[in-house]
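First the structure, in the form of structure tokens, and then the observations on it.
The values are calculated or read from the model by the stated rules, or taken from the named source; none is laboratory data. What you are looking at is a predicted structure, and each value in this text was computed from that prediction instead of being measured. Here the Cβ positions follow ideal geometry from the backbone for every residue, glycine too, while neighbour counts run over all protein chains shown. To get the accessible areas, we keep the full protein, side chains included, count just its heavy atoms, and leave off ligands, DNA and RNA. Shrake-Rupley method; radii C 1.70, N 1.55, O 1.52, S 1.80 Å.
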Amino acid sequence: MLFTPQHAIDELGDEFADPVSAAPFPETILRFRNDRAAAEIGLEDLDDAAWIRHFARFEPLPGAQPRPLALRYHGHQFRVYNPEIGDGRGFLFAQMLDENGRLMDLGTKGSGQTPYSRFGDGRLTLKGGVREILATEMLEALGVETSRTFSLIETGEQLHRGDEPSPTRSAVMVRLNHGHIRIGIFQRLAYFQDTENLKRLTGYVLRHYYGEEAKDDAPQRLLALVAERTARLAGQFMAAGFVHGVLNSDNINVSGESFDYGPWRFAPTWDPGFTAAYFDHAGLYAFGRQPEAIFWDVMQLASSLRLICDEAPLVAAMDRFPAAYTREVTAAVLWRLGLKPRNPEQDRALVQATERALTASKAPLDRFYFDAFGGQLPQSYGEPFAELRGLLAGYEPRKPRDHPYWEDSEPCSMLIEEVEAIWSRIAEQDDWSPLNAKIAAIRRMGEALQGSGDARHRWNEGRGEALA
Ligand code: AMP
Ligand code: MG
């Protein structure tokens, strides 16, 4: 794969972004480079020195955009509209094609202040960067459509944060995304009644992220596609046991890919009230409320599109979400259970029985999925699993348990205690070996779940796009 720069963002024009510069960091110590992701966009041959020039000093990539762009957006944060946000500590660094011909972005976190930093320092803590590596690697292995953490470089500054012992170390992160077009970008244009640019952005997203040219029905078409894709993401979160933590409309990508990981956690058990963010006192973004939260964000996209479209077709498009969610959570749980789908009714009943058994038993989630993979639930799973056991008998495995992972005594999981333990070793001894070992273990689990080769796109194989 040759590096193939793109300039699609230029189609959007000056109203969408501000040219910015990266902060001049005192140090640049390479901590993580994602060679697997780099290979997908033709950058795996960069040596470490060149990597640091591009991903800490932000020297432009050959043929790519000359200057970083801080994107403008608004959004609802915990249901309150905030017109003062935007890329406050990140920017779009470059666009390129990946090996599947998809338009990708390299975007940053912690690269310095921008016109949207408000009172913030524009920086990312090293711990925040390490946490984002762990979240993205785990989600990718579990078949969730996610951004990938591409690079993490420590930058030698002392940061002060309320939620970390301070001063704390700094870093700059680069992520690889299928676009950075947030619902909040549409909201901002609607806020300014900018119908011209709303139309332009709608066409841009349809063209570059959904492979379609805009026709008369462009707004409702876009909304329907976004509803389907974000419903899929919600289903994948539930099957992964993942709690994103901050499902604000500025953190929802219209490509349906999850990104921007702050106070995330994996749920130890199927507990709908399990909450990730310490500041989410009402549990708005708790584990079981994520589908509703994402749907709410999609409704904000619908409101924004109202400026360029009648109400009825938008309502019809939005109404796709609940059924799409049901279909997608079913597919995702079945996939994680390692089973071949049968038919929608039986599959749905199986997933509901799974949820009931997990709720009643409070069984550890990762252990359960590990033991149940392929459909042979061990006898140690007692009464709460009786109904499920009966239903599982009608299913065939989607792949054999022949990977060595299935011989392990423990499943690979990512609970908060382990995240903290990995960070402690870095903080106290500058020992990066537990992090690197964990990344290897996660990728090995990904192989067991997904088979050889590139795991990521396999998830969607044969499933087709749901939109007729
Ligand atoms: P988040 O909660 O990470 O999605 O961020 C919400 C908004 O706050 C975005 O506009 C960010 O760019 C901005 N932000 C978060 N942390 C910082 C920071 N340290 N410096 C500047 N802006 C920030
Ligand atoms: Mg954000």
Find all pairs meeting these conditions: Cβ atoms under 6 angstrom apart; at least six residues apart or on different chains; first residue within segment 194-218 and in the same structural domain as Ser255 (by TED's automatic domain parsing) and part of a helix (DSSP H, G or I); second residue open to solvent by 70 Å² or more (accessible area, probe 1.4 Å) and of a type in the set (A, V, I, L, M).
none
Within the bounds of segment 92-102, is there any residue that is among the aliphatic types (A, V, I, L, M), under 21 Å from the mean Cα position of the chain (by Cα), away from ligand 1 (no atom under 11 Å from the Cβ) and open to solvent by 10 Å² or more (accessible area, probe 1.4 Å)?
yes
Condition broken by Thr146, with the remaining ones in (1) within 26 Å of Met238 (Cβ to Cβ); (2) among the polar types (S, T, N, Q); (3) open to solvent by 30 Å² or more (accessible area, probe 1.4 Å) satisfied
(3)
Out of Arg401, Arg389, sole residue that is among the charged types (D, E, K, R), open to solvent by 10 Å² or more (accessible area, probe 1.4 Å), outside the structural domain of Phe237 (by TED's automatic domain parsing) and in a loop (DSSP other than H, G, I, E, B)
Arg401
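Have a look at Ala64, Ala23, Ala39, Ala50 and point out the one that is open to solvent by less than 60 Å² (accessible area, probe 1.4 Å), within 23 Å of Leu134 (Cα to Cα) and either at pLDDT 95 or above or more than 26 Å from the chain's Cα centre (by Cα) (or both). It would help to see each step written out before you state the result.
On the way: Ala64 fails: within 23 Å of Leu134 (Cα to Cα); Ala23 fails: within 23 Å of Leu134 (Cα to Cα); Ala50 fails: within 23 Å of Leu134 (Cα to Cα).
Only one candidate qualifies: Ala39.
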Where the second residue is assigned to a helix (DSSP H, G or I) and of a type in the set (Ser, Thr, Tyr) and the first is over 17 Å from Asn251 (Cβ atoms) and lies in segment 220-231, which pairs have Cβ atoms under 9 Å and are six or more apart or on separate chains?
Arg221/Thr202; Arg221/Tyr210; Leu222/Thr202; Leu222/Tyr210; Leu225/Tyr209; Leu225/Tyr210
Given (1) surrounded by 22 or more Cβ atoms within 10 Å (Cβ to Cβ); (2) more than 23 Å from Ile442 (Cα to Cα); (3) away from ligand 1 (no atom under 11 Å from the Cβ), index of the condition Tyr73 fails
(3)
Phe58 fails exactly one of the following numbered conditions: (1) on the phi > 0 side of the Ramachandran plot; (2) not in a loop (DSSP other than H, G, I, E, B). What is the number of that condition?
(2)
Here the residues within segment 147-158 that are part of a strand (DSSP E or B) and under 18 Å from Tyr261 (Cβ atoms) are Arg148, Thr149, Phe150, Ser151, Leu152, Ile153
Checked pairs for segment 247-268, first within 19 Å of Arg89 (Cβ to Cβ), second aromatic (Phe, Trp, Tyr) and open to solvent by 10 Å² or more (accessible area, probe 1.4 Å), C-beta under 7 Å and 6 or more apart or across chains, list as Asn248/Phe78; Asp250/Tyr73; Pro263/Tyr278
Can you tell me which residue is farthest from Ala38 (Cα to Cα) among those in segment 105-116 that are away from ligand 2 (no atom under 13 Å from the Cβ) and small (Gly, Ala, Ser)?
Gly112
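Does Ala440 satisfy the criteria of being under 28 Å from the mean Cα position of the chain (by Cα), at pLDDT 95 or above, hydrophobic (A, V, I, L, M, F, W, C) and not assigned by TED's automatic domain parsing to the domain that holds Ala323?
Judged against the criteria, Ala440 is a match.
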Test for Leu97: is it among the aliphatic types (A, V, I, L, M) and either within 12 Å of Leu176 (Cβ to Cβ) or more than 14 Å from ligand 2 (Cβ to nearest atom) (or both):
yes
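For segment 348-362, which residues satisfy the criterion of being open to solvent by less than 10 Å² (accessible area, probe 1.4 Å) and more than 21 Å from Leu139 (Cβ to Cβ)?
Within segment 348-362, the subset open to solvent by less than 10 Å² (accessible area, probe 1.4 Å) is 350-351, 353-354, 357-358.
Matches in segment 348-362: Leu350, Ala353, Ala357.
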Test Glu137 against the criterion of being part of a loop (DSSP other than H, G, I, E, B) and either near ligand 1 (Cβ under 10 Å from one of its atoms) or within 27 Å of Ile294 (Cα to Cα) (or both), and give yes or no.
no
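Each row is one residue, and each column tells you yes or no for (1) out of contact with any helix residue (DSSP H, G or I) (no Cβ under 9 Å at 6 or more places or on another chain); (2) in a loop (DSSP other than H, G, I, E, B).
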site: Ala23; (1), (2): yes, yes
site: Ala49; (1), (2): yes, no
site: Gly63; (1), (2): yes, yes
site: Arg67; (1), (2): yes, yes
site: Glu99; (1), (2): no, yes
